[in-house]
C-alpha cells in the first residue's frame, strides 16, 4: 500500500518544538558556592553569591536573613539571567541566608531555594584602620578649630592695639586685656583639644563594639608609630593633639610680645611679658575590648593650664593672669598665689559652660610664685616666674 509522504518541513517543525520543550524542562537555577556551603565573613568585608539560570532564562531572586543584626542580604533582585548577591556583615555572630528564585521565563528556571549558614567574625585589621582614619580626620578638624580660635584672638589683639594707639585705653589696661585674651584663647584651645581626643576615643570605642576586636591581640604592624598595644596608641593620639596645641601656643606667645611695640608707640619704654610653657595633661578614656559596654564619662579634672605675667618696663610690679579647666558643676575654683616676702593672695574664679576659668592679680612683685587651684577635691599647682 502506498502512503503519501509527509512534507519534510513538518518533521523539522515537530523536532524544533520537541527540542524547545526539552530545553525548558531542563532549565534550572545554579548557585556558587554550592548550596549549604558554610560562609565566613570578616567585619568590614562582603561576600558574593552568584545565582544563575541555564539556557539564559530570566528570573527573580528573593533574599532573606534569619538575623539582620548579624548579616544582611538584598531583599530582591529582578529579572536577570545571572544575579550577584552581596552579603553584608553587621556584627559578629551567626545567621542563615535563604535565596529563592521566582518568576522565571521558563518553567524550570524558578522555585529553587538555597541556604547558607553564615558566620560573621571580628576584624581586627578593619577596626584599627578605622581608628587610624578617625584619628587623622579628627586631627585635621582640631587644627582647623585651633586656627579659628587663633584667628579670633588675633582680631582681639588688633583691636586692643588700635585702642591703645588711639589713646582709648592705657598701656597697663591694654597689656591686661592682652594677657586675658591669651588666657581665654589657650583655654579654648585646650578644651578643643580635649574634646577632639574624647570624641576620637569614644568613636573608636563604638567601633570596637562593631568590629568586636580584642586589644590584647593587637598586631604591632597595624598601629602607627610602631605601637604594640592599645594604651600606646592612645598615648600617640594624645601626643599628636598636644603637638598641635603647642604649635598654637608658640604663636600666642609671639603675639603677646607684640605689646612691647604697642606700648613703645605710646611713648613708654615698652613691656615685659612672661609666658611659660603650658601645663596640659590629656587623659583619654580607655577603649573597651570585647565584650564591649558603653564607656563611662571621664571626670572633668581640675587643671591649671596656663599662666602669664606682664608689666610696663618702667613699673616695678606685674599683672599675673592664671587660667585653667574645671568642672562647671562643682562650684568656683579657689586660687591661691604665694611667693617671696610672705606674698599671699587668694581669689575665686567661676567656671564657664566650656569648663574654662581664669583669674587676674595686680601688683605682683618680681619673683617665683606657687599657684594653687582647688575645687574641693584636691589642688592643682604650678609655678610661675614673674620678671
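General remarks:
- A simple spin-label model places pseudo-atoms 7 Å from Cα toward Cβ; at residue 37 and residue 313 they are separated by 8.4 nm.
- Förster-model FRET efficiency, 45 Å R0, residue 50 and residue 199, C-beta, rounded to 0.05: 0.60
- Global geometry of segment 27-121, whether rounded, prolate or oblate, following the gyration tensor of its Cα atoms and the 1.5 cut on a/c: prolate
- Paramagnetic reach from residue 119 in segment 67-99 [backbone N under 16 Å; point 7 Å along Cα→Cβ]: 71, 91-97
- Inter-probe distance in nm under a simple model that places probes 7 Å from Cα toward Cβ, at residue 269 and residue 82: 9.0 nm
- FRET efficiency for the pair residue 251 and residue 166, taken as 1/(1 + (r/R0)^6) with r the Cβ-Cβ distance and R0 = 25 Å, rounds to 0.45.
Computed from the coordinates by the stated procedures, all read-outs in this text should not be read as laboratory data. Quick caveat, the model's predicted, so the values are computed rather than measured. When we count neighbours, we look across all protein chains shown, and the Cβ atoms used for this are built from the backbone with ideal geometry, even at glycine.
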